[in-house]
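The values are calculated or read from the model by the stated rules, or taken from the named source; none is laboratory data. Being a predicted model, the structure only gives us computed values, none of them experimental. Every residue, glycine among them, receives a Cβ derived from its backbone with ideal geometry; neighbour counts consider all protein chains shown. We work out accessible area using only protein heavy atoms, side chains counted, and drop any ligands, DNA or RNA first. Shrake-Rupley method; radii C 1.70, N 1.55, O 1.52, S 1.80 Å.
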Amino acid sequence: MKFVLNGTPVDVAAPPLKRLLDVLREECGLTGTKEGCGEGECGACTVLLDGAPVNSCLIPVCQVEGHDVRTIESMGSPGALSPLQELFLETGGTQCGMCTPGMVLTAHAYVESGGQADPDAIRSYLAGNLCRCTGYQHIVDAVLRAVKARRKKG
């Protein structure tokens with residue numbers, strides 16, 4: 001399967017119906033994408049497909065051929081976090097880390113799509129990503145700050 005992964009064209013040898021989640025973790029060695037429920041309910045496996053958040057546990061890799069896939073590894077690195085990742089840390093929006101990659105990617109899509117500094121709208125957009133640790137307010141605070149920072153930039 002040929003697609004763009006984190007900005008780089010790749011050609012992955014995998015069965016066409018293998019889950020994108022498994023291809024990313026096993027064939028590509030990108031373990032930032034987590035499996036939570038395996039049923040598309042928790043959002044732990046969220047990646048961006050052509051900029052939109054999707055559950056990679058529900059997508060056969062054949063459906064991403066010719067498309068752009070971004071994982072949490074595209075956002076930053078341990079020594080150079082993205083501004084959004086920094087905000088998640090500053091606000092306490094990360095705890096155990098299981099939901100964090102999917103939550104950050106979904107939040108990134110919200111901010112990049114021009115999402116508003118509206119806590120209810122943020123909660124609605126993030127509704128497909130479940131977190132058992134933070135109670136969500138810290139995550140919403142991080143996204144609010146990211147939206148406000150984006151507005152100041154441009």
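One table, with the values for the structure above:
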quantity: Residues of the stretch 39-51 that turn out to be in contact (Cβ under 8 Å) with a residue 24 or more places away in the chain and over 15 Å from GLY66 (Cα atoms), as a count; calculated: 7
quantity: Among the candidates SER56, SER77, residue that is closer than 28 Å to TYR136 by Cβ, of a type in the set (Gly, Ala, Ser) and open to solvent by 20 Å² or more (accessible area, probe 1.4 Å); calculated: SER77
quantity: Set VAL12, VAL4: member being over 28 Å from VAL140 (Cα atoms), touching a residue at least 12 places away in the same chain (Cβ under 8 Å) and out of contact with any helix residue (DSSP H, G or I) (no Cβ under 7 Å at 6 or more places or on another chain); calculated: VAL4
quantity: Every residue from the stretch 98-154 that is open to solvent by 20 Å² or more (accessible area, probe 1.4 Å), within 13 Å of the chain's Cα centre (by Cα) and touching a residue at least 60 places away in the same chain (Cβ under 8 Å); calculated: MET98, HIS108, GLU112, GLY128, LEU130
quantity: Any hit, the stretch 5-18, residues being open to solvent by less than 60 Å² (accessible area, probe 1.4 Å), in a helix (DSSP H, G or I), at pLDDT 95 or above and within 15 Å of HIS67 (Cα to Cα); calculated: no
quantity: Any hit, the stretch 59-71, residues being farther than 16 Å from MET1 by Cβ, among the polar types (S, T, N, Q) and open to solvent by 20 Å² or more (accessible area, probe 1.4 Å); calculated: no
quantity: The lone exception for LEU130 - which of (1) of a type outside the set (Val, Ile, Thr); (2) farther than 23 Å from LEU24 by Cβ; (3) part of a loop (DSSP other than H, G, I, E, B) it fails; calculated: (2)
quantity: Wholly enclosed strands (runs of 3 or more DSSP E) of the stretch 21-88 bearing at least 3 residues more than 25 Å from GLY114 (Cα to Cα); calculated: none
quantity: One residue from GLU90, GLU39, GLU35 being closer than 26 Å to ARG151 by Cα, of a type outside the set (A, V, I, L, M) and open to solvent by 40 Å² or more (accessible area, probe 1.4 Å); calculated: GLU90
